[in-house]
Amino acid sequence: MTTTGLNDRVAAKREVRRIKNLPTVPGIVAKISRLVENPETSAAEVGRLITQDQVLSAKVLRMANSAFFGMSRKISSIAQALMILGFDVVKGLVLTSSVFDMIQKSMAGLWEHSIGCAAASGAVATALGRDDAEEILVAGLLHDLGKVVLALNMPEEMDLIKSKVESDNVLFYEAETAVMDFHHGEIGQWLAEHWNLPESLAEPMRLHHNPERAMVQPECTAIVHIADSIIRGWGFGYAGDPWVPPISPAAWEMLKLKGKDLPEILNILEPKLANLSELTQSGS
Ligand SMILES: [Fe+2]
Ligand SMILES: [Fe+2]
């Protein structure tokens, strides 16, 4: 890497750290994390903290009751969501709800891409028989958050990246790397560090375009990578470029997926996407 490249990365990392327009996220997520570090903390206490922000808790409940999780009965309180879905899933939903407006403002179609990738991540995890499908789904939901920061805080670079995608027929992350020497995956990683997110969310955010480099959560990262391509191929949402990235053979093989698994994944995914329309409409 050149010195200029290194300087750019340091400057961009600083830029992410000083972003002021993500106010509720560090506050409430940090508070929840602190509360949960204490083994004595009950789900009801965490629930009370989230419920203090009524708009936020309404958004979280809306997602908890969406087709994502396919619950047979309605989840009516945050405490109940914590008991049924678990802490990490609810924390991911809090985080997503906190930045919902920003995701929508950043790039037309990115919110739909994010919830589509979440549903596809859950579908791949379910087809593989994993018992952590909900957690992997949240990783899919957050995977492109770096693009939100880029779009809202680095508009000049964003314009250059968009032109490069069109003129050079390259993928969005390749154009980012050519323009800035880093891409939204690395911005996502810096956000994850800043917000103290677990590696099960941080590594897919960083490496969903290079899943073969994942060391800590390789399977979760591979699932989000495959889900990203599936949902682009489906044509649900928009991720900043018209291309469908090829699926990494290493990721596919690591998960021991076979060609016959793809129709099963699509069968699980199709009804979920049809029922997620309530989350794609304006407001939350
Ligand atoms: Fe991405
Ligand atoms: Fe994506």
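The values are calculated or read from the model by the stated rules, or taken from the named source; none is laboratory data. These figures come from a predicted structure and were not determined experimentally. Note that we place each Cβ from the backbone using ideal geometry, even for glycine, and neighbour counts take in every protein chain shown.
Looking only at residues of region 150-164 that are modelled with pLDDT under 95 and within 13 Å of ligand 1 (Cβ to nearest atom), we find that the one that is surrounded by the most Cβ atoms within 10 Å (Cβ to Cβ) is LEU150. Taking into account only those residues within region 209-220 that are in contact with a Ser or Thr (Cβ under 9 Å, 6 or more places away or on another chain) and closer than 19 Å to ARG130 by Cα, which is nearest to ligand 1 (Cβ to nearest atom)? Once the filter is applied, the top-ranked residue is PRO211. Within region 227-263, the set of residues being within 15 Å of ligand 1 (Cβ to nearest atom) and under 18 Å from ALA127 (Cα atoms) comprises ALA227, ASP228, SER229, ILE230, ILE231, ILE247, ALA251. Residue selection: ILE103 satisfies the criterion of being within 19 Å of the chain's Cα centre (by Cα) and either of a type in the set (S, T, N, Q) or at pLDDT below 90 (or both).
Taking the listed residues VAL60, VAL55, VAL46, the one that is out of contact with any Ser or Thr (no Cβ under 9 Å at 6 or more places or on another chain) and aliphatic (A, V, I, L, M) is VAL46, with no other qualifying.
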